[in-house]
Amino acid sequence: MSFSEIPKNDIDLQQQLGSGAFGVVYKAKWKSKNRVVACKCIVLKPDGSSKQTADMIIKEIYGYVKCAGLFILPFYGYFYDIPSLSSARFFIVMEYMSNGSLTNFLQKEYHRLTLRRKLSIACDIASGMHRIHRHGIIHRDIRPDNILIDTNYRAKIGDMGIAEGFQI
């Protein structure tokens, strides 16, 4: 896993996959790697909320890097764009999960899933949570929208933006 700045002209943003309170997620092409990725775009504005937003970005990247491994959404790097003097956009580049969120996946596929597949997804989520907790982090936003499913029906935990560390 690399943790580095990716040249912004190396990423070709495509369609919007979803949006939430803190950003918009796009499907994108990482040209030099010939890889489809997901890019979470977070807008930074020159107002009082920028410090809070920057802290959230740092927490999210820290969570991905510290907990990297099975059942955690892989983080590849970041890039930023300053389209105007009044805002900047920060992009977190992650693995593209072709089956989308657990919410959408269950809405489309629930009736076709075997008990074995359902239990496998539940075990993946539990294993991801164990990994996060073992690294001294509380996710604080575990819900089906933040669990993503890959092409092999493996569940991975994403959206670490409001995660917090804890001491034992």
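The values are calculated or read from the model by the stated rules, or taken from the named source; none is laboratory data. These numbers come from a predicted model, not from an experiment. Note: ideal-geometry Cβ built from the backbone for every residue, glycine included; neighbour counts use all protein chains shown.
Some points to look at:
- Residue match in segment 5-21 (condition: free of Cβ contacts under 8 Å to residues at least 12 places away in the same chain, surrounded by 11 or more Cβ atoms within 10 Å (Cβ to Cβ) and either touching a Cys at 6+ places or on another chain (Cβ under 8 Å) or closer than 21 Å to ASP150 by Cα (or both)): yes
- Residue match in segment 24-46 (condition: hydrophobic (A, V, I, L, M, F, W, C), in contact (Cβ under 8 Å) with a residue 60 or more places away in the chain and surrounded by fewer than 15 Cβ atoms within 10 Å (Cβ to Cβ)): yes
- GLN52, sole failed condition from (1) more than 25 Å from LYS27 (Cα to Cα); (2) among the polar types (S, T, N, Q); (3) surrounded by 12 or more Cβ atoms within 10 Å (Cβ to Cβ): (3)
- Of the residues making up segment 1-42, just one is more than 14 Å from the chain's Cα centre (by Cα), assigned to a strand (DSSP E or B) and among the hydroxyl-bearing types (Ser, Thr, Tyr), namely SER4.
- Apart from one condition, ILE58 fits all of (1) touching a Lys or Arg at 6+ places or on another chain (Cβ under 7 Å); (2) of a type outside the set (Ser, Thr, Tyr); (3) within 22 Å of GLU164 (Cα to Cα); the exception is (1).
- Residues in segment 45-79 that are touching a strand residue (DSSP E or B) at 6+ places or on another chain (Cβ under 8 Å) and over 28 Å from GLY136 (Cβ atoms): LYS45, PRO46, PHE79.
- Residue match in segment 146-157 (condition: surrounded by 18 or more Cβ atoms within 10 Å (Cβ to Cβ), in contact with a strand residue (DSSP E or B) (Cβ under 6 Å, 6 or more places away or on another chain), of a type in the set (Gly, Ala, Ser) and closer than 23 Å to PHE90 by Cα): no
- Segment 110-140: number of residues that are polar (S, T, N, Q) and surrounded by 14 or more Cβ atoms within 10 Å (Cβ to Cβ): 2
- Residue selected from segment 1-47 under the condition in contact with a Leu (Cβ under 6 Å, 6 or more places away or on another chain) and not charged (D, E, K, R), by the criterion farthest from ALA88 (Cα to Cα): ALA28
- Condition check for GLY69: in contact (Cβ under 8 Å) with a residue 12 or more places away in the chain, surrounded by fewer than 17 Cβ atoms within 10 Å (Cβ to Cβ) and either out of contact with any Cys (no Cβ under 6 Å at 6 or more places or on another chain) or on the phi < 0 side of the Ramachandran plot (or both): yes
- Odd one out for SER98, checked against (1) out of contact with any helix residue (DSSP H, G or I) (no Cβ under 6 Å at 6 or more places or on another chain); (2) under 23 Å from LYS156 (Cα atoms); (3) surrounded by 15 or more Cβ atoms within 10 Å (Cβ to Cβ): (3)
Listed here are the residues, each with its yes/no results for (1) out of contact with any Leu (no Cβ under 8 Å at 6 or more places or on another chain); (2) modelled with pLDDT under 90; (3) farther than 21 Å from TRP30 by Cα.
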position	(1), (2), (3)
LYS59	yes, yes, yes
LYS66	yes, no, yes
TYR80	yes, no, no
PRO83	yes, yes, no
ARG89	no, no, no
MET94	no, no, no
ASN99	no, no, no
